[in-house]
Every structure is written in C-alpha cells, then in structure tokens.
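First the structure, in the form of structure tokens, and then the observations on it.
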Amino acid sequence: MFPVVPERALLELARTEGGPDTLALLVRDQDTRRLLLLRAVLDAAEAAERSVCTSAQKARLREDWALLSEADRLAAADEWFANPARARLFHPLTGPWARFCLRGLDAAPGPAHGERARRLRRDLAHFSAIAAVVAAGAGIPFRTRLTARAGVLALPSLGALHTARSGDVPVDVTCTEGRLVLRQADAPDVTVHLESGVGAWSGALAWTPAHALPGLTRTAPPLPLDDLDPYRELPDGPSHGNLRTPLALDDAERKRWLQAWSGTALALRSGGAQRLAEAGTLLRCLVPLETPPDVGTGRGSCSATRREAFGALLSSTPPDAVTLAATLVHELQHAKLAALSDLVTLHRAGPAARYFAPWRTDPRPYDGLLQGTYSHLAMAAFYQRRALVGGLPDRDWAWAQHARYRAQVGAALPALVGSPDLTVRGRRFVDEMAATHERMAEHPAPRGHVARAQAYVASARALWAQRHASALPPSNG
C-alpha cells in the first residue's frame with residue numbers, strides 16, 4: 001500500500017532538497033496515513049465497549065462519516081486544498097484530534113467517569129464539527145446539533161462561537177446557501193457567512209473568525225494562521241520543552257505576523273529556489289505560540305513541529321521575514337525526515353541518549369542526533385546561499401550563521417556515519433549528507449567566522465564532556 005522511495009528521491013532528501021515528485025510522494029503517503037488513522041478511529045469506536053463509547057456516540061460517528069463521504073463525492077478534485085472534504089481531513093491538527101480519540105477509545109472496559117470520560121466525549125463530539133464544516137464548504141444543506149466545549153464552539157477553518165453560558169453547551173446549526181445559523185438557548189441567533197477558502201464572517205460579537213495569511217506564491221491557497229483549533233496545544237513532555245502555550249492573536253500580533261510573512265517568500269528564494277518550493281508543498285498551517293522569556297530579543301523565536309500533525313508549524317511571532325524563512329527551513333526538514341522515516345528504515349539504533357550535539361546541552365539519542373544534524377545541514381545551506389547573493393545588507397551575518405551551522409554539523413557527522421545501526425539505505429542517506437557538507441567547502445565563509453564557529457563547537461564539546469562523558473559509554477568522542 002505504501003510507496004517505495006526511489007534511490008534518486010532518497011539522495012535528494014539526503015541533500016535536504018527534494019524535487020516536485022519527491023515532495024509529492026511524501027505528501028501523498030502522509031495523506032494516505034491520515035485517512036487510515038481516521039478509519040482507525042471509527043473502527044476503534046465500533047469495537048469499543050458501550051461503557052467506553054455508547055451506542056448513541058457510535059451512531060453519530062457513522063452519520064458524520066456519511067456526511068463527509070457525500071461532501072467528498074460532490075467536491076472531488078486532485079488538489080487537497082481544492083476539495084473541502086480532503087482539505088479538512090488533511091488539515092494538520094486533525095491528526096492530534098485522532099490520536100486523542102484513539103487513546104480514549106483504547107481505555108479498558110468499565111464504567112466511564114471523571115476527566116477521561118469527559119475528554120473522550122468532547123473528542124468524539126469534535127468530529128461532528130469537522131463534518132459540519134466540510135458539508136458547509138461543499139454546499140450541502142443540513143441541520144445538526146453540535147456541542148460547544150467550555151463555552152466555545154470551534155468550527156475548524158471557519159471560526160469559533162463563544163456561547164452565552166459556560167461549560168459544554170448544545171448549539172443547533174442550520175446550513176443553507178453558504179450561510180450558517182447558530183442557535184443556542186437564552187441568546188440571539190448568530191448568522192455566519194462562509195468565505196472562499198479560510199474563514200467566515202459575522203456581525204455578531206460572539207463570533208471570532210478564523211484567519212489566514214496570503215498564499216506564499218501567486219498560485220498558492222491562503223495559509224491558515226490557526227489560533228482557534230482546540231487541538232493545537234502541544235502535549236506535555238520533555239521533547240517540547242517550554243513550547244506548550246498556543247497564542248490567541250490580537251490585532252497587533254496578527255499584523256506582525258502579516259508583516260513578516262509578506263517578505264518570507266523572497267527570503268526563502270534567496271536561500272535557494274527549493275526552499276520556497278518545499279514550503280509551498282509541505283506547509284499547511286501556522287500555529288502561533290507565545291514567546292518564552294528565555295528566547296531573548298532581536299531575531300529570537302521559538303518553533304516546533306509535531307509528527308502527528310504533518311504540515312503544521314508552530315512558532316512564536318517572528319521578528320522579521322528572514323527569521324520566519326529560516327524557521328520554515330529548519331522545521332520543514334523535521335517534517336521531511338519524519339515523513340521519510342515512515343517509508344524507509346534508516347537505522348535500528350535504540351533510544352539511549354548518549355550522543356553529543358553542539359546545539360544541545362543534554363545527550364541525544366541517535367534518532368534525535370540525526371534529526372538535528374539534518375535540519376542544521378539545511379540551515380547551513382540556506383545561509384550559505386544567502387551569503388552568496390550580492391547586495392544583501394545582512395550578508396556578513398549570513399556568513400556567520402552558515403559557519404556556525406556547518407561547524408555544528410561537522411561535529412555531529414562522525415557519530416552518524418560511524419554508527420553500526422545504519423541500514424543499507426540509511427548509510428546511503430548519511431553518506432550523502434556528509435558529501436553535501438563537504439561540498440560547502442567550495443564556497444568557504446570568511447576565516448574569522450570559521451574560527452569563531454569552531455571555537456564555539458570546541459567549547460560546547462568540552463562543557464558537554466565535563467557534564468556527561470564520565471557517566472556515558474563512548475559514542476562520538
């Protein structure tokens with residue numbers, strides 16, 4: 001069922017690149033996995049004991065799936081963004097929702113109560129909101145009852161209704177001719193008018209519309225700037241550090257996003273045409289995050305991707321277009337490598353955290369080292385290409401960034417290349433990464449930047465060894 005990755009595509013990706021066919025292969029595979037994940041939710045619900053998922057909940061899921069299927073037939077199209085059913089199902093944040101549902105449905109049989117039962121009830125009810133949005137986008141008239149969560153009814157890609165009462169509130173929804181009427185007890189009706197693509201407008205103060213940024217290119221669809229979806233929050237855990245607070249944008253923050261975004265395509269192109277192409281192909285939504293206090297000022301920002309949310313990039317408000325472009329380059333490499341790893345086994349290393357990475361103070365597992373080295377290799381290439389463009393006001397800064405990233409990659413590569421846990425295809429992959437790193441020497445950074453970068457890596461290694469080496473088995477010296 002899943003495609004074979006051609007050798008040409010493997011080597012393209014190892015160079016942190018990827019032509020149209022290679023990127024399309026990754027996207028199609030991730031979309032196929034999303035459909036299988038949704039099917040798994042429905043199957044798990046059908047198989048669950050009634051104490052976990054009631055007969056009424058199962059019946060409602062079947063109704064919602066039938067509505068989605070009808071919308072899909074009416075709006076068949078090849079491009080995911082031109083088909084409202086597929087666009088909604090392939091929206092990155094549908095992935096975390098499905099994972100939450102599967103965890104809840106996997107509970108042991110028995111009386112459902114407390115926070116776990118309430119969470120599953122809310123998660124399953126959200127599928128009805130997804131189905132309603134899809135049907136509305138496909139022009140299907142319907143009447144349905146949805147449930148607001150904690151006083152907010154989120155209609156993905158359209159907006160959110162703030163109900164008159166708090167808690168979980170029923171809302172009756174009627175859809176006719178591109179218009180939704182939202183009705184709740186003890187409050188005026190709210191009429192919402194659908195817009196083309198992302199968003200819907202209403203004159204009611206209780207309605208907050210979804211927002212989107214202009215397409216990255218002239219032919220690209222608008223890009224959702226999603227600060228409303230209830231599944232945009234990062235899960236707790238050390239892998240995400242302090243990146244756990246999604247940001248609800250005010251007008252000032254939204255303007256700052258738009259200002260940075262307006263120059264991002266040009267900044268991406270200056271770092272290589274493939275950077276703009278991969279962003280246009282892989283990026284499906286941006287999720288704003290609060291800026292942690294330790295990020296600092298100037299060009300500082302924080303960002304993340306989520307493996308279960310392919311196509312989403314989470315980021316604090318970018319200070320400028322170059323920073324946002326660099327964030328896209330960095331995070332989309334994680335998305336590419338994660339998608340490739342779903343198709344190709346690159347290594348069989350265990351989860352033990354014992355490797356030195358110059359960009360981290362803690363030991364890394366082999367897979368984490370591979371992910372970090374891959375994204376840093378792309379950053380070195382991005383800044384080298386920018387530094388080679390004549391007339392850029394920040395050319396010297398770009399050289400400094402290139403030198404730092406290249407030195408960091410050079411320090412990490414020996415452990416990757418020398419691992420006995422690489423598969424045959426994995427060895428081809430990391431060998432090509434190493435060759436890409438070597439080819440960068442054809443256009444070296446100024447010697448001062450190189451010396452400072454090497455000194456930085458040497459200091460990071462010495463400090464890391466002082467803290468960790470005595471407690472860890474030999475890895476990458």
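The values are calculated or read from the model by the stated rules, or taken from the named source; none is laboratory data. What you are looking at is a predicted structure, and each value in this text was computed from that prediction instead of being measured. Glycine also receives a Cβ, built like all others from the backbone with ideal geometry; neighbour counts cover every protein chain displayed. Note: accessible area is taken over every heavy atom of the protein model, side chains too, but ligands, DNA and RNA are not part of it. Shrake-Rupley method; radii C 1.70, N 1.55, O 1.52, S 1.80 Å.
Values as computed for the structure displayed
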item: Residues satisfying the stated conditions in segment 204-220, i.e. within 21 Å of Ser315 (Cα to Cα) and crowded, with 19+ Cβ neighbours inside 10 Å; result: Ala210, His211, Ala212, Leu213, Leu216
item: Matching residues in segment 1-24 - criterion: being β-branched (Val, Ile, Thr) and open to solvent by less than 10 Å² (accessible area, probe 1.4 Å); result: Val5, Thr16, Thr22
item: Subset tally (residues that are at pLDDT 85 or above and in a helix (DSSP H, G or I)) for segment 105-135; result: 20
item: Failed criterion for Trp80 (all others in (1) modelled with pLDDT under 90; (2) within 27 Å of Gly167 (Cα to Cα); (3) open to solvent by less than 70 Å² (accessible area, probe 1.4 Å) hold); result: (2)
item: Selection status of Gly350, free of Cβ contacts under 8 Å to residues at least 12 places away in the same chain and either open to solvent by 20 Å² or more (accessible area, probe 1.4 Å) or over 25 Å from the mean Cα position of the chain (by Cα) (or both); result: no
item: Residue satisfying all of: in segment 25-43; of a type outside the set (Val, Ile, Thr) and open to solvent by 30 Å² or more (accessible area, probe 1.4 Å); farthest from Leu370 (Cα to Cα) among these; result: Asp43
item: Residues (not in a loop (DSSP other than H, G, I, E, B) and not aromatic (Phe, Trp, Tyr)) located in segment 195-215; result: Ala200, Thr208, Pro209, His211, Ala212, Leu213
item: Complete set of residues in segment 134-152 that are in contact (Cβ under 8 Å) with a residue 40 or more places away in the chain and under 18 Å from Arg62 (Cβ atoms); result: Val134, Ala135, Ile140, Phe142
item: Residue that is touching a residue at least 40 places away in the same chain (Cβ under 8 Å) and within 22 Å of Asp29 (Cα to Cα), where the choices are Ser375, Ser341; result: Ser375
item: Residues (surrounded by fewer than 11 Cβ atoms within 10 Å (Cβ to Cβ) and basic (Lys, Arg)) located in segment 175-189; result: none
item: Residue within segment 153-166 that is among the hydroxyl-bearing types (Ser, Thr, Tyr), open to solvent by 30 Å² or more (accessible area, probe 1.4 Å) and closer than 30 Å to Gly263 by Cβ present; result: yes
item: Candidate set: segment 216-228, residues that are in contact (Cβ under 8 Å) with a residue 12 or more places away in the chain and part of a loop (DSSP other than H, G, I, E, B); chosen: the one farthest from the chain's Cα centre (by Cα); result: Thr217
item: Residue match in segment 231-238 (condition: in contact with a Phe, Trp or Tyr (Cβ under 6 Å, 6 or more places away or on another chain), assigned to a loop (DSSP other than H, G, I, E, B) and open to solvent by less than 20 Å² (accessible area, probe 1.4 Å)); result: yes
item: Residues that are in contact (Cβ under 8 Å) with a residue 60 or more places away in the chain and under 15 Å from Thr305 (Cβ atoms), drawn from segment 378-396; result: Ala378
item: Tally, over segment 353-380, of residues that are open to solvent by 40 Å² or more (accessible area, probe 1.4 Å) and of a type in the set (Gly, Ala, Ser); result: 1
item: Close pairs (7 angstrom Cβ cut-off, 6 or more residues apart or separate chains): more than 13 Å from Arg385 (Cα to Cα) in segment 255-281, of a type in the set (Ser, Thr, Tyr) and in a loop (DSSP other than H, G, I, E, B) anywhere; result: Arg256/Thr317; Trp257/Thr317; Ala265/Thr217; Gly280/Thr217
item: Residue in segment 159-168 that is farthest from Pro92 (Cα to Cα), counting only those that are at pLDDT 95 or above and not polar (S, T, N, Q); result: His162
item: Answer residue from segment 303-338, given it is in contact with a strand residue (DSSP E or B) (Cβ under 7 Å, 6 or more places away or on another chain), assigned to a loop (DSSP other than H, G, I, E, B) and touching a residue at least 60 places away in the same chain (Cβ under 8 Å) and is nearest to Asp31 (Cα to Cα) among those; result: Gly311
item: Matching residues in segment 134-152 - criterion: being within 25 Å of the chain's Cα centre (by Cα) and open to solvent by 20 Å² or more (accessible area, probe 1.4 Å); result: Gly137, Arg149, Val152
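Matching residues to (1) modelled with pLDDT of 95 or more; (2) under 29 Å from His347 (Cα atoms); (3) touching a Cys at 6+ places or on another chain (Cβ under 8 Å):
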{"residue": "His376", "(1), (2), (3)": "yes, yes, no"}
{"residue": "Pro393", "(1), (2), (3)": "no, no, no"}
{"residue": "Trp397", "(1), (2), (3)": "yes, no, no"}
{"residue": "Gln401", "(1), (2), (3)": "yes, no, no"}
{"residue": "Thr423", "(1), (2), (3)": "yes, yes, no"}
{"residue": "His449", "(1), (2), (3)": "yes, no, no"}
{"residue": "His468", "(1), (2), (3)": "no, yes, no"}
{"residue": "Gly477", "(1), (2), (3)": "no, yes, no"}
